[in-house]
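K.L.:
Take a look at the following structure, please.
The values are calculated or read from the model by the stated rules, or taken from the named source; none is laboratory data. All of these numbers come straight from a predicted model, not from anything done at the bench. Every residue, glycine as well, gets a Cβ built from its backbone with ideal geometry; the counts of neighbours run over all protein chains shown. Side chains are part of the model used for accessible areas, which takes the heavy atoms of the whole protein and leaves out ligands, DNA and RNA. Shrake-Rupley method; radii C 1.70, N 1.55, O 1.52, S 1.80 Å.
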Amino acid sequence: MHRLPSRCFLLLACLAASALPVLAQRRPTAPVGIFPLRDVRAGMTGVGKTVFSGTQVQTFQVKILGVVHNMGPKQAVILARLSGGPLAQTGVLEGMSGSPVYIDGKLVGAVALGFPYAKTAIAGITPIQQMLAQEARATAQAHQDAFAADSGAPPPAATLRLTAADGNLQLLHPKARLQLGPARALPADMQLPQLHTPLVLSGFSPRAIAQFAPQFQALGLAPMMGGTAGAGSATNALAPASSLHPGDMISVQLVRGDLEVAADGTVTYIHDGHIFAFGHRFLSAGATAMPFSHARVVALMPGLMTSFKIAVSGRRLGVIRQDDSQGVYGTFGGQAHMIPVRVSVRQGGVAQTYRFEMVNNRFLTPFLFNMALASTLDATQRSVGPATLRLQGAIDLAGAAPVEIHDLVAEDINGPASAAMSAAAPLSYLYQSGLRFTIRGIHLSVTSSNRNRTLKMVGLWANRSQVRPGQSLTITARLRAADGSMVTRELPVHVPASLPPGPLKIAAGAGEALDLMEMQRLQQGFRARNVPQLVAAINDLRRNDRLYLRASEQRPAFVIAGQQFPAPPPSVARALAAGPSVDSGMAASQDSPVYQYATPDLPFVIQGVKTITVQVRKPDY
């Protein structure tokens with residue numbers, strides 16, 4: 001059921017009402033006891049706390065229906081009927097996740113689950129003991145990370161395979177391994193899924209939200225187009241911890257600045273400077289660092305399938321430190337490492353600059369960057385009709401060379417989406433490596449024209465069919481432009497004097513096609529063992545705005561630590577082939593390059609590749 005238009009309309013209609021002060025100063029909440037799960041019985045009654053409007057925490061009534069054990073590995077769920085406030089009209093609301101439930105004044109758990117299409121407000125409650133276990137897991141993870149950093153050993157995942165076997169680039173973790181959202185193996189009316197987490201996207205175009213909504217929904221998030229409560233309403237100023245209480249709404253911020261992405265939920269428990277919220281997984285990111293802020297409810301939206309709260313972010317409160325199946329855990333104060341991004345888009349004489357920050361997350365950061373760039377380009381570029389976009393920028397790393405972003409994208413349709421995917425690819429390569437690095441910032445400049453500037457390879461020939469070692473020959477490439485006109489380019493080939501007689505294979509064309517050709521011939525993928533190797537491998541990938549030539553012979557060749565070693569001496573080749581070291585980062589091939597050439601940058605995207613063979617004859621003595 002597509003709910004985006006109604007959410008968008010209601011949120012925009014209510015923003016003016018949210019311009020009131022975001023925080024109300026209240027007395028600190030006294031510590032409460034824990035009601036043990038073993039003592040929960042059907043028929044018990046209690047109260048819950050949540051925000052239905054503004055920042056005022058209100059109560060609702062709870063009647064326990066029973067306890068269901070083994071809803072997950074050693075995990076129980078308390079079933080209850082909720083009533084009071086607007087719940088008779090709305091049912092259990094998305095955004096109530098984490099709402100604390102008390103029996104006899106003691107905390108029993110957090111509202112976390114709900115039936116879609118339910119006629120009554122039946123909820124699943126996550127027991128508080130299961131949520132409190134997150135603090136111990138976060139502490140253990142911190143010790144483990146510190147030990148790994150001290151040992152200097154790369155993590156097990158630090159083996160990025162830059163090979164064709166990886167298939168298409170996944171900017172989000174492959175779905176087969178990313179079962180983070182509510183399972184849909186059963187019909188919706190036969191399961192008790194987690195309540196979707198409202199995800200408000202501000203500054204994004206409707207087309208971009210629609211394009212990326214399925215990925216968010218797979219994470220158990222309900223994306224909606226939104227805005228902010230007004231200039232300066234969501235600031236980086238730190239609010240006092242005493243301003244937050246159980247039942248209050250918080251926003252976990254994934255992107256902030258000219259573009260904003262924030263997930264809304266409810267605080268369950270506060271103890272000794274630590275908070276527990278949501279009652280179910282957010283992204284299932286494990287140990288993490290995401291800023292969270294106070295949130296203000298501006299409206300409730302009743303729906304047939306499900307209902308939800310609409311909220312806007314307020315002042316910053318602290319950092320979410322742990323995110324697993326039983327909720328999120330965080331601390332007051334502190335700073336989460338956010339990645340500053342600057343994107344400048346220029347078309348003709350008009351330029352527009354966007355500045356925002358993103359969370360540092362292995363799976364989510366490339367996806368957010370891709371979506372943010374797709375939205376900014378969609379707002380400034382046409383998606384239907386010929387377009388060429390040049391991307392130039394860099395990913396600045398602490399203690400390492402920058403990763404270059406350099407590409408030219410030419411399409412007749414959906415050019416902005418293709419350009420955004422291309423710009424996010426280097427960032428995805430970094431995070432998929434599993435290596436430890438710190439991104440200091442990303443800057444990107446995009447220039448565009450309303451022409452499809454492509455050249456497609458249609459022919460390749462040499463000025464001679466035979467050549468002797470030490471001689472040169474000229475290769476002519478024929479290319480067709482988008483308007484049908486033909487272009488020819490002459491490329492030189494210098495045959496090494498030491499080259500033995502035999503066939504010399506010459507390939508010319510697009511850099512991407514030649515990279516793919518080389519990767520397919522590697523007997524195993526090159527594995528980056530450290531950040532400098534990885535950066536060099538990414539930066540050495542050929543560009544698509546140059547015409548490349550590669551001449552090779554059929555002899556053993558090796559790639560070691562990202563560097564090519566063509567045609568080593570026979571004794572060295574035998575030693576490497578007989579016992580390659582697992583840690584050497586070595587890959588073998590039977591295709592040894594003997595000469596390579598690239599034109600300077602061209603104002604065209606080169607497409608395709610052509611291959612010919614010339615014979616190397618014995619030298620004349």
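K.L.:
Quick check: anything in region 306-315 open to solvent by less than 10 Å² (accessible area, probe 1.4 Å), over 26 Å from Leu113 (Cβ atoms), of a type in the set (A, V, I, L, M, F, W, C) and touching a Gly at 6+ places or on another chain (Cβ under 9 Å)?
P.N.:
no
Listed here are the residues, each with its yes/no results for (1) over 30 Å from Ala277 (Cβ atoms); (2) open to solvent by less than 10 Å² (accessible area, probe 1.4 Å); (3) assigned to a helix (DSSP H, G or I).
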site: Gln322; (1), (2), (3): no, no, no
site: Ser344; (1), (2), (3): yes, no, no
site: Ala351; (1), (2), (3): yes, no, no
site: Arg362; (1), (2), (3): no, no, no
site: Met371; (1), (2), (3): no, yes, yes
site: Arg382; (1), (2), (3): yes, no, no
site: Leu389; (1), (2), (3): yes, yes, no
site: Ser422; (1), (2), (3): yes, no, yes
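K.L.:
For Arg440, all conditions in the list (1) outside any strand (DSSP E or B); (2) under 25 Å from the mean Cα position of the chain (by Cα); (3) basic (Lys, Arg) hold save one; what is the number of the exception?
P.N.:
(1)
K.L.:
Sticking with this structure for a sec: Are any residues in region 289-312 at pLDDT below 90, part of a strand (DSSP E or B) and in contact with a Lys or Arg (Cβ under 8 Å, 6 or more places away or on another chain), and if so, which ones?
P.N.:
Ala299, Leu300, Met301, Phe308, Ile310, Ala311, Val312, listed by residue number.
K.L.:
If you don't mind, another one. Can you tell me which condition Met290 does not meet? The list is (1) surrounded by 22 or more Cβ atoms within 10 Å (Cβ to Cβ); (2) in contact with a Phe, Trp or Tyr (Cβ under 7 Å, 6 or more places away or on another chain), and all the others hold.
P.N.:
Unmet condition: (2).
K.L.:
OK, next. If only one of Thr353, Thr331 is at pLDDT 90 or above and closer than 29 Å to Val92 by Cβ, which one is it?
P.N.:
Values: Thr353 fails: closer than 29 Å to Val92 by Cβ.
Every option except Thr331 fails the conditions.
K.L.:
Pairs needed: first member in region 309-330, free of Cβ contacts under 8 Å to residues at least 40 places away in the same chain; second member anywhere, among the hydroxyl-bearing types (Ser, Thr, Tyr); C-beta distance under 7 Å; at least 6 residues apart or different chains.
P.N.:
Within 7 Å, the pairs are Val319/Thr331.
K.L.:
I need the full set of residues from region 89-113 which are outside any loop (DSSP other than H, G, I, E, B), at pLDDT below 95 and open to solvent by 10 Å² or more (accessible area, probe 1.4 Å), in order please.
P.N.:
Scanning region 89-113 gives Gln89, Thr90, Leu113.
K.L.:
A further question on this structure: Out of region 51-88, which residues are touching a Phe, Trp or Tyr at 6+ places or on another chain (Cβ under 8 Å), open to solvent by 20 Å² or more (accessible area, probe 1.4 Å), part of a strand (DSSP E or B) and closer than 24 Å to Arg296 by Cβ?
P.N.:
Scanning region 51-88 gives a single hit, Gln58.
K.L.:
Scan the strands (runs of 3 or more DSSP E) fully inside region 469-526 and keep the ones with 3 or more residues being over 43 Å from the mean Cα position of the chain (by Cα), at pLDDT below 90 and within 28 Å of Ala537 (Cα to Cα). Steps first, answer last, please.
P.N.:
Details: elements: 472-481, 486-494, 502-510.
In region 469-526, there are no strands (runs of 3 or more DSSP E) which contain 3 or more residues that are over 43 Å from the mean Cα position of the chain (by Cα), at pLDDT below 90 and within 28 Å of Ala537 (Cα to Cα).
K.L.:
Right, something else. Of the numbered conditions (1) part of a strand (DSSP E or B); (2) out of contact with any helix residue (DSSP H, G or I) (no Cβ under 7 Å at 6 or more places or on another chain); (3) not polar (S, T, N, Q), Phe282 satisfies every one except a single condition; which is it?
P.N.:
Condition not satisfied by Phe282: (1).
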